[in-house]
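Heads up, the thing below is written out as structure tokens.
The values are calculated or read from the model by the stated rules, or taken from the named source; none is laboratory data. Bear in mind that the values here come from a model prediction, so they are computed numbers and not experimental data. Because the Cβ atoms are built from the backbone with ideal geometry, glycine has one as well, and the counts that use them run over all protein chains shown.
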Amino acid sequence: MSSISLRQIKKSFGALTILHSVDMEIDKGEFIVILGPSGCGKSTLLNVIAGLDACDEGQIVIEGKDVSGLEPSERGLAMVFQSYALFPAMTVRRNLSFGMEIAGTPKATVVEKVAWVAKLLQIEALLDRKPAQLSGGQRQRVAIGRALVRSSSICLFDEPLSNLDAKLRAETRVELKQLHETLGSTMIYVTHDQIEAMTMADRVAVMHKGKVEQFAHPQSIYEKPASLFVAGFVGSPAMNFIDGRLDGSGRFLTGDIAIGTDAYAFEERQPSGEIVLGIRCEDVTVVDRGAPESIPASLAFTELLGADALGWFDCLGKRLSVRLGIKAARSMRKEVGLRFDMSKASLFSRASERRL
Amino acid sequence: MSTWLKRQGFKPDITVAAFFAVVAIFFYGSILWTFYMSLTRSTLIPKYEIVGFDQYFDLFTNQRWLVSCLNMVIFGVFYMVGTLAFGTLLAVLADRRIKAESFFRTIFLYPLAVSLIITGLSWRWLLDPTTGLQALIRGIGWETFTFDWLTRPDRAIYTLVIAGIWHSAGLVMVIVLAGLRGIDNDLWKAIRMEGIPLWRAYCQVIFPGMRPVIASCVVLLMSEVIRGYDLIIAMTKGGPGISTEMPAKFAVDFYFARVNLGLASAASIMMLALSLIMLMPYFYSEFRRRS
Ligand SMILES: Nc1ncnc2c1ncn2[C@@H]1O[C@H](COP(=O)(O)OP(=O)(O)OP(=O)(O)O)[C@@H](O)[C@H]1O
Ligand SMILES: [Mg+2]
């Protein structure tokens with residue numbers, strides 16, 4: 001049974017439609033990341049799930065129950081906010097216990113739960129401090145703690161790490177993932193940071209302009225992006241794109257170059273017409289100029305990244321990135337050829353921008 | 001140009017120094033002079049022979065001064081609690097986005113633009129049993145209706161409270177409203193997620209988190225209480241009898257009507273001391289927060 005299902009959720013603010021018919025089925029215990037650029041409607045979607053915003057159309061079913069009409073506190077969810085939203089005048093202990101107090105939980109249970117969560121998140125030493133006396137990372141722990149003591153099986157996160165510095169973010173990311181494994185609760189996590197998405201998620205929903213473009217395992221999002229947007233958004237450096245055409249015999253034509261697509265697994269039969277070829281930097285190899293199945297290119301510059309390097313080549317009027325070994329990067333000639341691994345490439349229709 | 005400016009770097013100091021000199025002479029200088037006068041037996045004309053704290057003894061055996069102080073406490077407590085409560089309530093209503101918010105905000109802010117003299121005169125007219133509310137309601141037909149607080153020595157002080165609240169509630173409303181508008185939207189979302197009832201959210205989460213804002217209101221209202229003069233002059237002139245006398249009016253009366261410079265100065269210094277004592281908790285909490 002799925003933990004949460006969203007059925008054709010629509011939401012507009014005035015004339016502006018923010019969510020266009022979002023559908024999602026989320027299984028129990030999954031860690032779902034909603035990834036997308038700023039303003040694509042991620043927070044709005046999360047607020048709709050939580051009940052903080054009412055949706056205009058559609059249905060939200062949580063554990064088999066339609067909760068579309070329920071108040072946020074009645075949906076059995078917990079939520080962690082980007083700005084922590086701790087109760088400013090209360091101590092950490094009271095921040096944790098206040099919600100339970102409101103809900104009429106027995107005193108003994110409250111004490112027990114606060115102790116449990118304080119131990120779990122290692123905030124025992126902070127219990128008697130006020131939020132203003134905590135660092136950003138500590139506040140975030142308290143905010144997570146406040147969500148956990150609600151003991152709901154579903155937890156929502158809205159960019160919880162974006163106010164932390166890079167090192168702390170990396171640490172907290174790992175801890176959150178471990179927490180998910182310990183607790184086994186369903187988590188929905190909103191971010192615009194693709195590293196968080198790739199490392200934490202069981203499945204990633206990539207959103208763009210109020211639509212879910214792809215909802216899949218992070219690796220398949222990386223390897224088989226379902227649309228041009230996903231391909232360009234996920235991965236660093238961004239995927240290389242080359243415009244061209246597909247001829248009747250299944251060859252990709254661009255300028256006076258033709259590349260065979262026999263190795264490519266098309267999702268539909270016999271496509272043709274204007275297409276875009278996308279290839280990741282690690283799926284391009286540098287060969288001698290004029291080698292078979294290669295495209296002439298000239299080196300613009302190289303970037304050393306420590307473990308490996310990136311070569312930037314001018315090719316077919318575009319600048320393409322190629323991942324290189326450090327040694328190869330140092331001794332790279334200027335005039336070379338590039339060969340694409342077509343089994344790992346992605347082809348998109350220019351018109352629909354979907355994967356072919 | 002810029003090097004010239006750098007060489008002239010002391011100029012701002014001079015400008016500010018002039019300002020400080022003005023403050024020092026006219027503000028602290030006046031305070032010192034008043035304190036000096038309070039130690040003399042000056043009447044109409046300053047006398048410079050110091051007699052010690054005689055004027056202060058006189059002051060605290062003066063029935064009118066003691067009544068003034070008591071009145072100030074009564075007025076202060078009711079006025080401050082009432083204004084804070086009413087102003088905050090208005091701010092909350094405005095923040096909950098009741099319909100026609102800007103209309104109400106204007107209505108409640110207008111009294112602030114009206115001088116206290118006009119406020120006092122209007123309320124005197126309204127509360128005067130022979131011309132105002134009581135006469136009006138009796139005119140409609142409720143012959144036994146009585147609202148004569150303005151003319152009753154034991155109640156007149158509360159008419160000042162009513163007029164004062166009417167005058168200042170708008171100020172508290174805008175200050176608290178500004179504070180409420182500054183509340184992070186995520187905090188409200190968290191409150192809704194926890195299912196906290198609205199009144200508890202305000203009383204236990206929102207207002208405790210707005211302590212500096214509330215403290216500013218308290219300080220503003222307190223200074224209003226201590227220097228309260230115009231409203232009394234316009235509404236009751238201290239009467240009936242001496243039932244609505246207050247320290248500021250006492251000082252002014254003794255400076256000008258009764259030409260007792262020494263006693264009036266002693267009263268002024270006592271008011272200053274009182275202000276400092278009342279502000280102490282505020283400064284203390286500010287200081288503690290800094291360090
Ligand atoms: N209350 C509102 N009224 C009108 N428009 C809104 C409102 N809230 C959000 N929007 C609009 O909805 C769009 C999506 O907002 P949302 O907050 O969901 O973006 P987001 O994906 O969370 O972005 P970010 O990564 O910056 O947080 C934005 O264009 C925003 O301007
Ligand atoms: Mg957002």
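Could you tell me whether A:Arg330 is modelled with pLDDT under 90, over 25 Å from the mean Cα position of the chain (by Cα) and of a type in the set (Lys, Arg)?
For A:Arg330, the condition - modelled with pLDDT under 90, over 25 Å from the mean Cα position of the chain (by Cα) and of a type in the set (Lys, Arg) - is met.
How many of the residues in region A:40-88 are within 13 Å of ligand 2 (Cβ to nearest atom), among the charged types (D, E, K, R) and in a helix (DSSP H, G or I)?
Residues in region A:40-88 being within 13 Å of ligand 2 (Cβ to nearest atom), among the charged types (D, E, K, R) and in a helix (DSSP H, G or I): 1 in total.
Report those helices (runs of 4 or more DSSP H) wholly inside region B:50-152 carrying at least 1 residues which are more than 30 Å from B:Ala251 (Cβ to Cβ). If you could, list the steps in order and put the result at the bottom.
Details: elements: B:54-61, B:63-95, B:101-113, B:116-127, B:133-140.
Answer list for region B:50-152: B:63-95, B:101-113, B:133-140.
On the given criteria, is B:Ile165 at pLDDT below 85, of a type in the set (Val, Ile, Thr) and over 30 Å from A:Pro72 (Cβ atoms)?
Values: at pLDDT below 85: no; of a type in the set (Val, Ile, Thr): yes; over 30 Å from A:Pro72 (Cβ atoms): yes.
The answer is no for B:Ile165.
Take the conditions touching a helix residue (DSSP H, G or I) at 6+ places or on another chain (Cβ under 7 Å) and within 14 Å of chain B (Cβ to nearest Cβ) and apply them to A:Val206. Does it pass? Steps first, answer last, please.
Numbers: touching a helix residue (DSSP H, G or I) at 6+ places or on another chain (Cβ under 7 Å): yes; within 14 Å of chain B (Cβ to nearest Cβ): no.
Considered against the rule, which asks whether it is touching a helix residue (DSSP H, G or I) at 6+ places or on another chain (Cβ under 7 Å) and within 14 Å of chain B (Cβ to nearest Cβ), A:Val206 comes out as no.
For region A:324-348, give me each residue that is within 28 Å of A:Ile275 (Cα to Cα) and surrounded by 19 or more Cβ atoms within 10 Å (Cβ to Cβ). Can you show your working first?
Initial filter on region A:324-348 (within 28 Å of A:Ile275 (Cα to Cα)): A:324, A:335-348.
A:Leu324, A:Val336, A:Gly337, A:Leu338, A:Phe340, A:Met342, A:Ala345, A:Ser346, A:Leu347, A:Phe348, listed by residue number.
Right, A:Gly29: within 13 Å of ligand 2 (Cβ to nearest atom), on the phi > 0 side of the Ramachandran plot and either in a strand (DSSP E or B) or of a type outside the set (Asp, Glu) (or both) or not? First the steps, then the outcome.
Values: within 13 Å of ligand 2 (Cβ to nearest atom): no; on the phi > 0 side of the Ramachandran plot: yes; either in a strand (DSSP E or B) or of a type outside the set (Asp, Glu) (or both): yes.
So A:Gly29 fails the test.
Of the conditions (1) without any contact (Cβ under 8 Å) to a residue 12 or more places away in the chain; (2) among the aliphatic types (A, V, I, L, M); (3) surrounded by 21 or more Cβ atoms within 10 Å (Cβ to Cβ), A:Leu253 clears all except one; give me its number.
With (1) without any contact (Cβ under 8 Å) to a residue 12 or more places away in the chain; (2) among the aliphatic types (A, V, I, L, M); (3) surrounded by 21 or more Cβ atoms within 10 Å (Cβ to Cβ) applied to A:Leu253, the lone miss is (3).
Tally up the residues in region A:65-94 that are more than 30 Å from the chain's Cα centre (by Cα) and either farther than 18 Å from A:Leu126 by Cβ or surrounded by 21 or more Cβ atoms within 10 Å (Cβ to Cβ) (or both), please.
Filtering region A:65-94 for residues more than 30 Å from the chain's Cα centre (by Cα) gives A:88-94.
Still in the list and also either farther than 18 Å from A:Leu126 by Cβ or surrounded by 21 or more Cβ atoms within 10 Å (Cβ to Cβ) (or both): A:92.
Result for region A:65-94: 1.
If I go through region B:25-45 residue by residue, how many of them are of a type in the set (Gly, Ala, Ser), under 16 Å from B:Met271 (Cα atoms) and without any contact (Cβ under 8 Å) to a residue 24 or more places away in the chain? Break it down stepwise before answering.
Within region B:25-45, the first condition is being of a type in the set (Gly, Ala, Ser), and the residues that meet it are B:29-30, B:38, B:42.
If we keep only those that are under 16 Å from B:Met271 (Cα atoms) as well, we get B:30, B:38.
Still in the list and also without any contact (Cβ under 8 Å) to a residue 24 or more places away in the chain: B:30.
Summing the residues that are of a type in the set (Gly, Ala, Ser), under 16 Å from B:Met271 (Cα atoms) and without any contact (Cβ under 8 Å) to a residue 24 or more places away in the chain in region B:25-45 gives 1.
For the structure I just gave you, tell me whether B:Thr88 is under 15 Å from the mean Cα position of the chain (by Cα), polar (S, T, N, Q) and farther than 19 Å from B:Gly238 by Cα. Break it down into steps so the answer makes sense when it comes.
Numbers: under 15 Å from the mean Cα position of the chain (by Cα): no; polar (S, T, N, Q): yes; farther than 19 Å from B:Gly238 by Cα: yes.
Here the answer is no, as B:Thr88 does not meet what is asked.
Search region A:46-57 for residues being surrounded by fewer than 18 Cβ atoms within 10 Å (Cβ to Cβ) and among the acidic types (Asp, Glu), and hand back the single one that is nearest to the other protein chains (Cβ to nearest Cβ). First the steps, then the outcome.
To start, the set of residues in region A:46-57 that are surrounded by fewer than 18 Cβ atoms within 10 Å (Cβ to Cβ) comprises A:54, A:56-57.
Those still in the list that are among the acidic types (Asp, Glu) too: A:56-57.
Values: A:Asp56: 19, A:Glu57: 22 Å.
Across region A:46-57, the extreme among qualifying residues is A:Asp56.
Condition test on A:Ser12, is it of a type outside the set (A, V, I, L, M) and either within 12 Å of ligand 1 (Cβ to nearest atom) or closer than 21 Å to A:Gln194 by Cα (or both)? If you could, list the steps in order and put the result at the bottom.
Details: of a type outside the set (A, V, I, L, M): yes; either within 12 Å of ligand 1 (Cβ to nearest atom) or closer than 21 Å to A:Gln194 by Cα (or both): yes.
Yes: the conditions hold for A:Ser12.
State yes or no: is A:Ile60 more than 14 Å from every other protein chain (Cβ to nearest Cβ), at pLDDT 90 or above and on the phi < 0 side of the Ramachandran plot?
Considered against the rule, which asks whether it is more than 14 Å from every other protein chain (Cβ to nearest Cβ), at pLDDT 90 or above and on the phi < 0 side of the Ramachandran plot, A:Ile60 comes out as yes.
Filter region A:95-112 for residues that are buried (at least 18 other Cβ atoms within 10 Å of the Cβ) and either within 16 Å of ligand 2 (Cβ to nearest atom) or of a type outside the set (Ser, Thr, Tyr) (or both) and give the result.
Taking region A:95-112 first, the residues buried (at least 18 other Cβ atoms within 10 Å of the Cβ) are A:95-100, A:110.
If the condition is that a residue be buried (at least 18 other Cβ atoms within 10 Å of the Cβ) and either within 16 Å of ligand 2 (Cβ to nearest atom) or of a type outside the set (Ser, Thr, Tyr) (or both), then A:Asn95, A:Leu96, A:Phe98, A:Gly99, A:Met100, A:Val110 are the ones that fit.
Can you find even one residue in region A:219-227 that is within 16 Å of ligand 2 (Cβ to nearest atom) and among the basic types (Lys, Arg)?
The first filter runs over region A:219-227 and keeps only residues within 16 Å of ligand 2 (Cβ to nearest atom), leaving none.
Checking region A:219-227: not a single residue is within 16 Å of ligand 2 (Cβ to nearest atom) and among the basic types (Lys, Arg).
B:Tyr229 passes all but one of (1) surrounded by fewer than 22 Cβ atoms within 10 Å (Cβ to Cβ); (2) in contact (Cβ under 8 Å) with a residue 24 or more places away in the chain; (3) more than 13 Å from every other protein chain (Cβ to nearest Cβ); which number fails?
Failing condition for B:Tyr229: (2).
Pull up region A:129-139, narrow it to residues that are in contact with a helix residue (DSSP H, G or I) (Cβ under 7 Å, 6 or more places away or on another chain) and touching a residue at least 24 places away in the same chain (Cβ under 8 Å), then point me to the one that is nearest to the other protein chains (Cβ to nearest Cβ).
Start the filter on region A:129-139 by keeping residues that are in contact with a helix residue (DSSP H, G or I) (Cβ under 7 Å, 6 or more places away or on another chain), which leaves A:129, A:131, A:134, A:137-139.
This time we only want the ones that are touching a residue at least 24 places away in the same chain (Cβ under 8 Å), so: A:129, A:131, A:134, A:137, A:139.
On the way: A:Arg129: 15, A:Pro131: 9, A:Leu134: 15, A:Gly137: 17, A:Arg139: 12 Å.
Among those that are in contact with a helix residue (DSSP H, G or I) (Cβ under 7 Å, 6 or more places away or on another chain) and touching a residue at least 24 places away in the same chain (Cβ under 8 Å), it is A:Pro131.
Just give me the residues in region A:10-26 being within 16 Å of ligand 2 (Cβ to nearest atom), crowded, with 18+ Cβ neighbours inside 10 Å and of a type in the set (A, V, I, L, M, F, W, C), in sequence order.
Kept after step one, since they are within 16 Å of ligand 2 (Cβ to nearest atom), are these residues of region A:10-26: A:11, A:13, A:16, A:18-19, A:22.
Those still in the list that are crowded, with 18+ Cβ neighbours inside 10 Å too: A:11, A:18-19, A:22.
Across region A:10-26, the qualifying residues are A:Ile18, A:Leu19, A:Val22.
Would you confirm whether or not region A:185-208 contains a residue that is touching a Leu at 6+ places or on another chain (Cβ under 8 Å), free of Cβ contacts under 8 Å to residues at least 40 places away in the same chain and away from ligand 2 (no atom under 16 Å from the Cβ)?
The answer is no; no qualifying residue exists.
Check region B:181-194 and report whether any residue there is part of a loop (DSSP other than H, G, I, E, B), within 14 Å of another protein chain (Cβ to nearest Cβ) and among the acidic types (Asp, Glu). Talk me through it step by step, then tell me what you get.
Quick first cut of region B:181-194, residues part of a loop (DSSP other than H, G, I, E, B) only: B:182-184.
After this cut, where a residue has to be within 14 Å of another protein chain (Cβ to nearest Cβ) as well, the list is B:182-184.
Applying the additional criterion that residues be among the acidic types (Asp, Glu) yields B:184.
Within region B:181-194, one or more residues are part of a loop (DSSP other than H, G, I, E, B), within 14 Å of another protein chain (Cβ to nearest Cβ) and among the acidic types (Asp, Glu).
Residue by residue through region A:21-59, note down the ones that are touching a helix residue (DSSP H, G or I) at 6+ places or on another chain (Cβ under 7 Å), within 16 Å of ligand 1 (Cβ to nearest atom) and under 16 Å from A:Ser5 (Cα atoms).
Answer for region A:21-59, where residues must be touching a helix residue (DSSP H, G or I) at 6+ places or on another chain (Cβ under 7 Å), within 16 Å of ligand 1 (Cβ to nearest atom) and under 16 Å from A:Ser5 (Cα atoms): A:Val22, A:Val33, A:Ile34, A:Ala50, A:Gly51, A:Cys55.
Only one of these is closer than 19 Å to A:Ser220 by Cβ and either assigned to a loop (DSSP other than H, G, I, E, B) or in contact with a His (Cβ under 8 Å, 6 or more places away or on another chain) (or both): A:Gly235, A:Gly248, A:Gly278. Name it. Step through it out loud before you land on a result.
Numbers: A:Gly248 fails: closer than 19 Å to A:Ser220 by Cβ; A:Gly278 fails: either assigned to a loop (DSSP other than H, G, I, E, B) or in contact with a His (Cβ under 8 Å, 6 or more places away or on another chain) (or both).
Result of the check over A:Gly235, A:Gly248, A:Gly278: A:Gly235.
Specify the residue that is nearest to A:Thr186 (Cα to Cα); the eligible residues are those in region A:124-161 that are out of contact with any His (no Cβ under 8 Å at 6 or more places or on another chain) and within 16 Å of ligand 1 (Cβ to nearest atom). Give the steps one after another, and end with the answer.
Of the residues in region A:124-161, the ones out of contact with any His (no Cβ under 8 Å at 6 or more places or on another chain) are A:124-158, A:160-161.
Next, from what is left, pick out any that are within 16 Å of ligand 1 (Cβ to nearest atom): A:156-158, A:160-161.
Details: A:Leu156: 9, A:Phe157: 11, A:Asp158: 14, A:Pro160: 16, A:Leu161: 18 Å.
Top of the filtered list is A:Leu156.
Is it true that B:Val252 is surrounded by fewer than 19 Cβ atoms within 10 Å (Cβ to Cβ), assigned by TED's automatic domain parsing to the domain that holds B:Phe75, of a type in the set (Val, Ile, Thr) and part of a helix (DSSP H, G or I)? Before the answer, list the steps.
Details: surrounded by fewer than 19 Cβ atoms within 10 Å (Cβ to Cβ): yes; assigned by TED's automatic domain parsing to the domain that holds B:Phe75: yes; of a type in the set (Val, Ile, Thr): yes; part of a helix (DSSP H, G or I): yes.
When the stated conditions are applied, B:Val252 passes them.
Just need a number here: residues in region A:140-165 that are in a helix (DSSP H, G or I) and either within 16 Å of ligand 2 (Cβ to nearest atom) or away from chain B (no Cβ under 12 Å) (or both).
Our first condition is that a residue be in a helix (DSSP H, G or I); within region A:140-165, this holds for A:140-148.
Pick out the ones that are also either within 16 Å of ligand 2 (Cβ to nearest atom) or away from chain B (no Cβ under 12 Å) (or both) and you get A:140-141, A:143-145, A:148.
Total meeting the criteria: 6.
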